[in-house]
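Here is the structure we will look at.
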Amino acid sequence: MADTAELYIKAQTEAQTSGLPTPERPAGDGAIASGFDPFAGVVDEASEAGREIYFISGLGADWRVFHRLQLKGYRPVHICWERPYRGESIEHYAQRLLGQVTTPHPILVGLSFGGLMAVEMAKLCDPAQVIVISSAVSGAQVPNYYKLFRWLPLQLIVPFKQLLWAVYGVISWLFGLEDPEDRSLFKQVLIDTDPFFLRWAMNRVVGWRNQVVPKNVVQIHGGRDRVFPFGHHSADIVVPDGGHLMVLNRAEQLSRLLMATLATNPVES
């Protein structure tokens, strides 16, 4: 694995050639997100004076799934995935991620597995708002068939990256990716993802039993989500034709919904 400095230089180069904001140098050496999220902590200069929003990406995803969102007046900060300890609980991991949050009443936006993590982080702080996209807010919303993996843990037995590539076409369908550009981006994200993290995170999803829904939670869900099927949810906002990665392929619509949701923020920092 490249060291932090090498990843930072690579991220700078990619940002300059793609027109994306140039990333800040990562602060520490312990985060695997140096490899996952080379733009973790990136600040959009156009909204530098705005209020911070902490984005938490999903399982097998990173900051790139959020890059099409336009949230005027807000400053995106992408939470950096850290390498989990062997056997680490989701609660303990959430406590570690909170070390990256510097505002007293944060706005947390979590996608997919990041939604579960946002809920766990919210239970440990006093958030102004928690927005959960294409995800679950309690263990009851995790599909029952996921729980089969508790007793038949293929995610632990089978070489996980090889398994993903073997069923890549199915995964693209599950995630609702039809556009070639979206598929290409998602494929690159999977290539960049640490298989150890994938196995750990998948195990935390199938074993999630949370029963506490924090205050100020808003759940946005797609009616055609195949990863967390809508039949398992009673979401606050439903996008009828939205798939699991609607934040990527319906970014304009999601931007409007997020701006409207943020306008109802009940807590001022």
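General observations
- Residues satisfying the stated conditions in segment 87-115, i.e. of a type in the set (S, T, N, Q) and closer than 22 Å to GLN211 by Cβ: SER89, GLN95, SER112
- Selection status of TYR74, modelled with pLDDT under 95, surrounded by fewer than 20 Cβ atoms within 10 Å (Cβ to Cβ) and either under 15 Å from the mean Cα position of the chain (by Cα) or within 27 Å of LEU177 (Cβ to Cβ) (or both): no
- Subset of segment 171-193 (residues that are surrounded by fewer than 19 Cβ atoms within 10 Å (Cβ to Cβ) and not in a helix (DSSP H, G or I)): GLU178, ASP179
- Checking PHE230, PHE175 one by one, the residue that is in contact with a strand residue (DSSP E or B) (Cβ under 8 Å, 6 or more places away or on another chain), modelled with pLDDT under 80 and closer than 20 Å to GLY114 by Cβ is PHE230 and no other.
- Close pairs (7 angstrom Cβ cut-off, 6 or more residues apart or separate chains): without any contact (Cβ under 8 Å) to a residue 40 or more places away in the chain and within 17 Å of SER134 (Cα to Cα) in segment 254-265, β-branched (Val, Ile, Thr) and not in a helix (DSSP H, G or I) anywhere: LEU257/ILE220; LEU257/ILE237
- Among the candidates ARG75, ARG64, ARG96, residue that is outside any loop (DSSP other than H, G, I, E, B) and either free of Cβ contacts under 8 Å to residues at least 24 places away in the same chain or at positive phi (or both): ARG96
- Scanning segment 95-144 for residues that are of a type in the set (Ser, Thr, Tyr) and either within 18 Å of VAL77 (Cβ to Cβ) or more than 17 Å from the chain's Cα centre (by Cα) (or both) yields THR102, THR103.
- Qualifying residue in segment 132-141 (condition: part of a strand (DSSP E or B), at pLDDT 80 or above and surrounded by 15 or more Cβ atoms within 10 Å (Cβ to Cβ)): yes
The values are calculated or read from the model by the stated rules, or taken from the named source; none is laboratory data. Predicted model, so just to flag it, every value in this text is computed and none were measured. Cβ: placed from backbone, ideal geometry, glycine included. Neighbour counts: every protein chain shown.
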